[in-house]
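Here, each number is a calculation from the coordinates, and none is a lab measurement. Keep in mind that what you see is a predicted model, and the values were worked out from it rather than measured. Ideal geometry is used to build each Cβ from the backbone, glycine not excepted, and the neighbour counts take in all protein chains shown.
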Amino acid sequence: MAPRRTPSKLSVHLARRVTRGAGVGTPLWWMRLSDEELLDVRLCDLGLRIEGTPLKARIAEVTAQLVDRGFRFRPHFWLSSTWFTPDGVPGVAIPFYLAHPRLKRLEESKMREVEGGTKEWCLRLLRHEVGHAIDNAYRLNRRARYRELFGRASQPYPRHYEPKPYSKRFVLHLDYWYAQAHPSEDFAETFAVWLTPGRRWRSQYAGWQALEKLEYVDELMREIVRRRPPVRSREAVEPLASLRMTLREHYEWKRARHGVGDPDVYDRDLRRLFTETPTRTPPESASKFLRRERASLREKVADSLGPYPYAVDQVLKEMIIRARELRLYLEKSPHRTMMETAAVLKTQTMHYLHAGKHRCVVL
């Protein structure tokens, strides 16, 4: 739950305007507000729906993937504060900000990124959550073989988890080796890889222990695909219309939960590599340079570190975000910057692999 706070004068004023019916409360009335005013709007007053947004098409695409596999089961979807699948519910909550571009921009300004903000990222998350929904619908985690391969779903979620990037016991689907966070996440990630169209998982995971899990999921899905699920609830837990916290309260809680706002470990290195004052003509931002050279940097550093390209990419992603926030620019020659950036990236990735702990945010 979000922390309680004393209502601001602005939020009281907005509430009065809603009560008076002075245009506020009509669809997307809050579009007229500044970002600061928008933060004092309650989530339940946003008036958002999945229909008529890109989310509708993305849900339809994942549902079609289930149909292609022969499933009778259809999960249900609703808007809420974040991504989650409630225990025992065969449905998926989707974060509200994905239902409107203005709210996606607000999410990025507050959280540094928009989880599920691109089509491919959204589809990956939907497949993951559908894995949880199918687990709930068919009560799969009660099976002995499921527990043998993935572990017990009743196991408490850790506050933090320290993944082993080199482990071949888990599939790679979402970032940060998320399959390693909990047995339920391991199953959902394995299902998501299995469901992804065109994914040649047998060849991709040949020689991995994770292949045994994929083979089990393949066998299990063939068994249940035509069955009606025993759990058919259409309950929507914490739907957007029930959430009375303001956007400001929501982001105060979310930033604290995700650790956003902590001193960034990349600042000193980035300021050594780049400059705050453009000196080249035409100027090129550091974030643009890093994005353009991302593949080359990843290949160069991964070759020297061994089988850790996934870790390299995560560190590089964080460096790109921070470079954009610091508004840094290319100063030295591209060649020299590439060489120095590769050295920094290698060091940061080694620290990330061997010293970093990753917050477990339940999906």
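What does the charge dipole of the chain about its Cα centre add up to, to the nearest 20 debye, if the Cβ of each Lys and Arg holds +1 and the Cβ of each Asp and Glu holds -1? Before the final figure, lay out the partial values.
Numbers: 66 positive and 45 negative charges, 134 e Å.
Taking the Cα centre of the chain as origin, the dipole is about 640 debye.
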**OP:** Just grab the label-to-label distance for residue 288 and residue 159, each label 7 Å out from Cα along the Cβ direction, in nm (one decimal).
**Re:** 4.3 nm
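Calculate the FRET efficiency for residue 237 and residue 212 from the Cβ-Cβ distance with a Förster distance of 35 Å, rounded to the nearest 0.05. Display every interim value, and only then the final one.
Numbers: r = 33 Å, r/R0 = 0.94.
Efficiency computed from Cβ-Cβ geometry: 0.60.
Could you list 339, 245, 111 in order of exposure, starting from the residue whose Cβ has the fewest other Cβ atoms within 10 Å?
Working: 339 12, 245 19, 111 15.
Placing the least packed residue first, the sequence is 339, 111, 245.
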**OP:** Pop the C-beta distance of residue 222 and residue 61 into the FRET formula with R0 = 22 Å and round what comes out to the nearest 0.05.
**Re:** 0.50
**OP:** With r as the distance between the Cβ atoms of residue 265 and residue 336 and R0 = 25 Å, compute the FRET efficiency 1/(1 + (r/R0)^6) and round to 0.05.
**Re:** 0.60
Original post:
Under 17 Å from the Cα of residue 254, which lysines turn up, not counting those fewer than eight places away in the same chain?
Top reply: 104, 110
**OP:** May I ask you to list the aspartates and glutamates whose Cα is less than 20 Å away from that of residue 346, ignoring any residue fewer than eight positions away on the same chain?
**Re:** 162, 175, 264, 267, 269, 293, 299, 303, 313, 318
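If each residue's Cβ is checked for other Cβ atoms within 10 Å, how do 80, 296 rank with the fewest at the top?
On the way: 80 22, 296 12.
Lowest count first: 296, 80.
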Original post:
Would you list 100, 351, 128 from fewest to most Cβ contacts within 10 Å?
Top reply: 351, 100, 128
Subject >> Cα shape, the chain, gyration tensor, a/c 1.5 rule >> reply: oblate
Original post:
What does the charge dipole of region 54-224 about its Cα centre add up to, to the nearest 20 debye, if the Cβ of each Lys and Arg holds +1 and the Cβ of each Asp and Glu holds -1?
Top reply: 160 debye
Original post:
Considering the zone a paramagnetic label at residue 113 would reach in this model (a point 7 Å from Cα along the Cα-to-Cβ line), which residues of region 188-217 have amide N under 20 Å from it?
Top reply: 188-190, 192-193
